[in-house]
Structures are given as C-alpha cells and as structure tokens.
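Okay, structure first, notes after.
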Amino acid sequence: MTVSEIIKKHGNERENLLAILHQIQAGNDDNSLHKDQLQQLAEIMDIPVADIVSTASFYTMFSLKPRGKHIIRLCESPPCYIMGEENILTALENCLKIKLGETTADKMFTLETTSCLGACGVAPVMMIDDTVYGELTEEKTVAVIKSIVDKE
Amino acid sequence: MEKPRITVMVPIDANTVPSGAREVKNALSVAIGRANLSNEIKVIETGSFGPTGVGALVAIQPDGVVYCNMTVDKAQEIVEEHLLKGRVCARYMLPGRQVILPTADNVDARTLQHTGRIVLDNCGRIDPENIEEYIANDGYEALGKALTAMSPGEVITEITESELKGRGGAGFPTGQKWSFCAPVVADQKYVICNADEGEPGTFKDRLILEGDPHKIIEGMALCGYAIGATIGYVYVRGEYALSIERLEKAIAAAESHGLLGKNIFNSGFDFEIKIKIGAGAYICGEETALIESMEGKRGCPRLKPPFPAQKGFKGKPTNVNNVETLANIPAIIRNGAAWFKNFGTSSTAGTKVYTILGHINHPGLIEVPAGVTLREIIEDYGGGMKGKFHFAQLGGTAGDILGEEMMDVPMDYDLMEKVGHVLGSGAILIVNESININDFLHSCMRFFSHESCGNCNPCRNGMHAALDITKRLKSGVAYPDDINALEEVVMILHSSAFCPLGQSPAGPVTSALRYFREEIERGVNRELNKHDMPRSNRKMEAINV
Ligand SMILES: Cc1cc2nc3c(=O)[nH]c(=O)nc-3n(C[C@H](O)[C@H](O)[C@H](O)COP(=O)(O)O)c2cc1C
Ligand code: SF4
Ligand code: FES
C-alpha cells in the first residue's frame, strides 16, 4: 500500500499517526521508516516533518535507520538479566558476528536489546519479528538463528 | 451435538506459545480425529493455567490431570495412552503443584470459596474466543443488572463501598476516581483501559486479556455507564499480538450479541470499544503519557492538574484504569461490595494477582488474598527457592528491594507503606545468591536510563549519572564517594523529576542500600582518588543547580 492509501485507511487525524507509522514500517523490507515517506505523510496529514520524526524516534518499535530483514530484540530488563541475558547476548554476537545495534552484512538480522517484553514467565526472552523465544540457553539461541537462516 | 465426554484443555498464551503449544494442540486434534473420537473428546483453547517455566501444558477433564512440557510426540502418546486406553501417563504430569482446574460445572463462581479467585476465575477454564462460555459463567450478568436495575450513581457507590484500589501500581481508590469524572459535564467522555504493561516482571494484564477478554469489555462498559462515557479505548502494547487478536474477536462477538453498541439491554446506553496499539515506551503506561500517545504524539507526561478526569483524551473527561482493576468490576457489581470485602485485609479488599518469578521452583501467575507474606509466596505458591534467598524486588523495577528481614510482613498497600515500601504492580522477583546486588542495580538503572522520556532535565541527566556509578560498582572500580553520590542523585531525582518514572530509582537504590550496604561497598576501589572522578559525574552538578 502507498502512504496515501494507508492514511486513507486509518483516517487523517493526528491520533492515528502511530497506527499509520506501524503499517508503513511493516510494508518496508528494511524494517524502517523512509525519509520520503515521512515527507509525504507530513504533507498529507499537515503535520511538520520534524514533529513526525520526533514522534517516530520516541518509540523503540520504529526505526529511522535501515535495519535487517529480521529484528532480534533481546530483553535486558532485570528479570531476564538474572536468568542469564548477558550470556545470550554474547552467544548472539558471536553467532551473527556483529555487535549490539548492528546489522549483518547480508542485511538479514539486526541485533537490538529491549526493555521487558511481558514474557518474563519464560525468561530469558528474545523476540524475532513477531515471535517470542523463551527459556533461552546459548545452544537454543544459536539453533533458533540457524533455523531462520535455513528457512531463507 | 452430544456433550463431549472428555475435554482436553490447551492453554494458548504468552508463556506456552514459545514452547510450541499451538503445535501440540494441532497434534492432539489430528490424533483424536484419526482415532475417530472427535465427537466424544473436545479440544479447547484456554488462557493461562498460571504456572510458567513448564513448557506447553495440557489438561484432561474431568480426570483432572495436567501434563507439562508437552511436545508433538508426547501429545500423540497421551492420545494413545490416556485418551484411548485410559492409562494416565504419570511421567509427564506436572509435578508438585496444584492447578485449580476448572470446568464450567465444577466451580461455583458465585461463592468462590472454592478457588479464591475473582480476576482469574475464568482464566484457563474457558475458551476466551467463545463468548457463550463467558456468558455461561455469569458473564455480562453484571452489565445487565446495572443497566436495568441500577443508576450510574449506584454503580459508583457499590464500587466505592467495595474499597477496590487501582491495581496499576498507585493503588488509588477506584470508586473515588470514577466519582471525579462522573459529574463533569461534557459532550464526550472516555474510558481507557491501560494495557501498556511495561513494568519488568509484570505480565498479569497480558494473561488476563488473553485468558478472559470479555471481563475487560464488561468492566469497561460498566465504567462507561457509571461515568457517562460512550467510547472506550484499550491501549495495548504493540508486542502483545495475541492479546490484541483475542480482544478484537471479543469486541466483535460482544457487538454481535448486542452487548456493545447502541441501546444495550434496551437501556438507552450506548457503548463502543476501540483498540489503540502502542509502539514500545514504558513511560506510556503513565496515564497522561498514555493519553498523549493515544493522540499520536510523543509519550511525555502532562502536568497535573488538570487530571484526566477533567481534561483527558482530546481534552475530554477521561477515566483511566488498569486491566486488573477493570477485571474486578463485574464480580463486584454482581455480588455486591460486602462480598468483595470478604477477601483480603482490612486496608486492602479483594485479591491481588501477582506474577512470581526468578529463582523459585514454580514461577507463574497467581491470585491470592491481599495480605499474604513474601515467605508464603515463596514457600506455598512458588514451590520454594532455587538456591539460597538473597533478595526480592516487589512491584517491578521501580519497586523496592527487600532483604530477608521483610519476609514475614503481610503485603497489602497500607501495611507495606507503613514499613516504608510500596506494593507496586504485582511483580515479585525472587533472586538467589548467584546474583550480585551491584550487577542487579546496574541492570535496574540500565532500564531507567533507557526509558527516561527525556522531557525534564533531572531525569535525562540524572539517570545517566546513576547508570555510570552502578556500572563502576558492578566492575569494582567505583570511587570512594560514588555511593554517596548515587544516593544523592536518586534523592534529587525523587524530589525534582517531573513524573514518577524519574522519581523511581530512589525505590530500588535506597532500599538496596538499606539492606545490602556492605555488599554494595564491595564495588568500591579504595585506592582510587575521588579527584579523578570522570567528567560524566559532573552531570550531577548540572542537576543540582
Ligand atoms: C512510569 C509509569 C508507568 C506506568 N505503567 C503502567 C502500566 O503499564 N499499566 C498500568 O495500568 N498503570 C501504569 N501506571 C500507572 C498509571 O499512571 C495509572 O495510575 C493507572 O493506569 C491507573 O489505573 P488504576 O487506578 O486502575 O490502577 C504507570 C505509571 C508510571 C508513572
Ligand atoms: S521524570 Fe523522566 S520520564 Fe518523567 S517526564 Fe521527566 S524525563 Fe520524562
Ligand atoms: S523482563 Fe524480560 S520479558 Fe519481562
């Protein structure tokens, strides 16, 4: 869908901005919001582009920088931390050969940390795109990444 | 169709889905179909049973058997052995804890003595996607009663008399909150259900929404009737896909049954519910930040007053309540305030839903009378410690850290306050001696500095200063003055930050110092000279002026 179609679907009012941004980003392969799209959005909705950028950058689910096809979000809040989050982070960094915040050279994965995902019942937890993976061990983490790579 | 002889219940919720619960449920259905038993044995999807950390669960009713750590293979075996041959597979049974199991006909929802559950009475017992099951368990009876036999004022009085306190963390009396909003005259008012749930360790609201979404709809409609609002919003975290999906289905079902929409129960009362999806910001759980976010803006808190009851969403009178608070409303209206006060302590009526997690044997979701002690939670509900007890943190990352001394204090809103602690959101994190207190504090500060909305100076700078200090304490390279500096920063934050988020670090930091000062001091390197303190600490000077 184009930006104007998405706006039409949700409605032109400011209160729909987050829903619109969610849908625009979901339609982009690089999991981010593009400058030209925000520009268009600003014109149609009659909101200053700086205001839109400031709103989008406020929320962790939106990115203004291109990211990989799959977003790995490892929870770093205390309940996951005490269950071994740091080891999982190291396992992910080693397995993907990138550091936290980076994207793999093949643009497949971006590695991020996040605050509590509300899945602490199965801590430590990561979310890859819309799927939650819990009770992570180093081996399980590597296996999850492998299975996604294999599917690609 | 014949009434099924056996019901196989499979919880599909935030904790079981990552362990393959959906695949297990499919495997069960396929195997039962293959055995030609689909008429006699019904497989239903429910919300959470409560226990976590035990993989995918399956319960067989009326046998009352619960299996844990289910896989597709084990599920097939259960069909072969248990369902076909009647032999219980003891080796897969959930060890050592009671799941209150639950079909429509073995629980008398009216007395509840049986289970002691108010909020979670349906959770894990009914199919959340089937409105008929909710209705069969007294669902929408309260709404019918209120709309046909009670005035809005009487609804508020009932809630006030029940002494229900908000379960979103602050513990503000719900009836009183409603009575602020009700008399305000406006062309439109709103009810908001706060399902942003970002407090680390808290996942109760999610499981309530996943397990019994109609209860929230009914609670919101009752609130709408009481305060004179015709539109309700549920603000849900973007990550809670299953909550959103089940809510959408529940809203559609309620609409088609005439329980939402125009002229509900022929009373002339109209009420509709819409969903707003968040985008990942803890501060958006704060009610005025939530309203900003609903308006499509950055989620920064507003100055109060005016309170949302006067000027809320789009400048109109708005009442914001937590999911669990709203989930208590139907039962109170149905059974009366006096009934509700049978549960809990003299200062906190009702029950409290906790998520218990960390180094205990049986983590999970529990609903207990207000006033149980930490020791009871660990021993009776949590199945005992894994390792030796070190400390507990109550109410999420913004909550206080408690040492062993506090194990026997009854936990309700007032009593905790008396001993200088807050009950908070309902997360109880139990930590054993494998975790160093300095590492833990660093992890808390990492959370706060990430979630500071950046709107006010003390919080924006103070969080980083405190994070730097905890980082040094963690690595054992803190300056001799660092602990004093840390205390000072959190106290400055406490007194000068714009909203409760910025004031929060004082909770964990001062309480940790109260019980574990010696251990924290081990992060200090006495050889270091305080004049070498890094520049980043000058930020503190900046907030001091
Ligand atoms: C930083 C911060 C985060 C909060 N997060 C939540 C939350 O996730 N859910 C919630 O219900 N209340 C949260 N609250 C409390 C709300 O501001 C508000 O008090 C609550 O929704 C009122 O509902 P209640 O009276 O039913 O408890 C938060 C408050 C603060 C300061
Ligand atoms: S205290 Fe922190 S979270 Fe609250 S308004 Fe200030 S910067 Fe934002
Ligand atoms: S703390 Fe990690 S999911 Fe809640």
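The values are calculated or read from the model by the stated rules, or taken from the named source; none is laboratory data. As the structure is a prediction and not an experimental result, all values here were calculated from the model. Positions of Cβ are generated from backbone atoms using ideal geometry, with glycine treated the same way; all protein chains shown enter the neighbour counts. Heads up: the accessible areas ignore ligands, DNA and RNA and are worked out on the full protein's heavy atoms, side chains in. Shrake-Rupley method; radii C 1.70, N 1.55, O 1.52, S 1.80 Å.
Check the range A:71-82 and report whether any residue there is within 13 Å of chain B (Cβ to nearest Cβ), among the polar types (S, T, N, Q), within 29 Å of residue A:122 (Cα to Cα) and open to solvent by 20 Å² or more (accessible area, probe 1.4 Å). Among the residues of the range A:71-82, not one is within 13 Å of chain B (Cβ to nearest Cβ), among the polar types (S, T, N, Q), within 29 Å of residue A:122 (Cα to Cα) and open to solvent by 20 Å² or more (accessible area, probe 1.4 Å), which makes the answer no. Within the range A:84-115, the set of residues being of a type in the set (A, V, I, L, M, F, W, C), assigned to a loop (DSSP other than H, G, I, E, B) and over 25 Å from residue B:357 (Cβ atoms) comprises A:98, A:105, A:108. Within the range B:258-304, if we keep just the residues that are more than 8 Å from chain A (Cβ to nearest Cβ) and of a type in the set (Ser, Thr, Tyr), the residue that is farthest from ligand 3 (Cβ to nearest atom) turns out to be B:267. Is at least one residue of the range B:2-14 within 14 Å of chain A (Cβ to nearest Cβ), surrounded by fewer than 21 Cβ atoms within 10 Å (Cβ to Cβ) and either free of Cβ contacts under 8 Å to residues at least 60 places away in the same chain or part of a loop (DSSP other than H, G, I, E, B) (or both)? No, every residue in the range B:2-14 fails to be within 14 Å of chain A (Cβ to nearest Cβ), surrounded by fewer than 21 Cβ atoms within 10 Å (Cβ to Cβ) and either free of Cβ contacts under 8 Å to residues at least 60 places away in the same chain or part of a loop (DSSP other than H, G, I, E, B) (or both).
Summed over the range B:176-214, residues that are in a loop (DSSP other than H, G, I, E, B), more than 9 Å from every other protein chain (Cβ to nearest Cβ) and away from ligand 2 (no atom under 16 Å from the Cβ) total 9. In the set A:118, A:68, A:134, only one residue is within 16 Å of ligand 3 (Cβ to nearest atom), of a type outside the set (Ser, Thr, Tyr) and on the phi < 0 side of the Ramachandran plot; that residue is A:134.
Restricting attention to the range B:468-501 and to residues that are under 20 Å from residue B:287 (Cβ atoms) and in a loop (DSSP other than H, G, I, E, B), the residue that is most open to solvent (accessible area, probe 1.4 Å) turns out to be B:498. Among the conditions (1) touching a His at 6+ places or on another chain (Cβ under 7 Å); (2) free of Cβ contacts under 8 Å to residues at least 60 places away in the same chain, residue B:432 misses just one, which is (2). Residues that are within 13 Å of another protein chain (Cβ to nearest Cβ), within 21 Å of residue B:196 (Cα to Cα), surrounded by fewer than 20 Cβ atoms within 10 Å (Cβ to Cβ) and among the polar types (S, T, N, Q) do occur in the range A:126-138, at least one of them. Restricting attention to the range B:418-467, the residues that are open to solvent by less than 10 Å² (accessible area, probe 1.4 Å), within 11 Å of chain A (Cβ to nearest Cβ) and of a type in the set (S, T, N, Q) total 1. The single residue among A:56, A:50 that is closer than 21 Å to residue B:236 by Cβ and aliphatic (A, V, I, L, M) turns out to be A:56. Here residue B:146 meets each of (1) touching a strand residue (DSSP E or B) at 6+ places or on another chain (Cβ under 6 Å); (2) more than 28 Å from residue B:366 (Cβ to Cβ); (3) open to solvent by less than 10 Å² (accessible area, probe 1.4 Å) with one exception, condition (1). For the range B:328-339, how many residues are more than 20 Å from the chain's Cα centre (by Cα) and crowded, with 16+ Cβ neighbours inside 10 Å? Final tally of qualifying residues: 5. The set of residues in the range B:61-76 being exposed (fewer than 14 other Cβ atoms within 10 Å of the Cβ) and in a helix (DSSP H, G or I) consists of B:73 alone. Is it the case that residue B:388 is without any contact (Cβ under 8 Å) to a residue 40 or more places away in the chain and farther than 15 Å from residue B:509 by Cβ? When the stated conditions are applied, residue B:388 does not pass them.
Annotation note: Cβ proximity below 8 Å between a residue of the range B:174-186 that is open to solvent by 40 Å² or more (accessible area, probe 1.4 Å) and a residue that is of a type in the set (Val, Ile, Thr) and outside any loop (DSSP other than H, G, I, E, B) (sequence gap 6+ or interchain) occurs for B:176/B:160; B:179/B:156; B:179/B:160.
The range B:225-327 holds strands (runs of 3 or more DSSP E) entirely within its bounds, and those carrying 3 or more residues that are open to solvent by less than 40 Å² (accessible area, probe 1.4 Å) map to B:231-236, B:269-277, B:318-322. Taken over the range A:92-111, the criterion of being buried (at least 19 other Cβ atoms within 10 Å of the Cβ) and either within 16 Å of ligand 3 (Cβ to nearest atom) or of a type in the set (A, V, I, L, M, F, W, C) (or both) is satisfied by A:92, A:96, A:109, A:111.
Return the residue satisfying two criteria in turn: it lies in the range B:456-511 and is among the polar types (S, T, N, Q) and touching a residue at least 12 places away in the same chain (Cβ under 8 Å), and of such residues it is farthest from ligand 2 (Cβ to nearest atom). The extreme case among them is B:475. From the list A:56, A:42, the lone residue that is free of Cβ contacts under 8 Å to residues at least 24 places away in the same chain and farther than 22 Å from residue B:428 by Cα is A:42.
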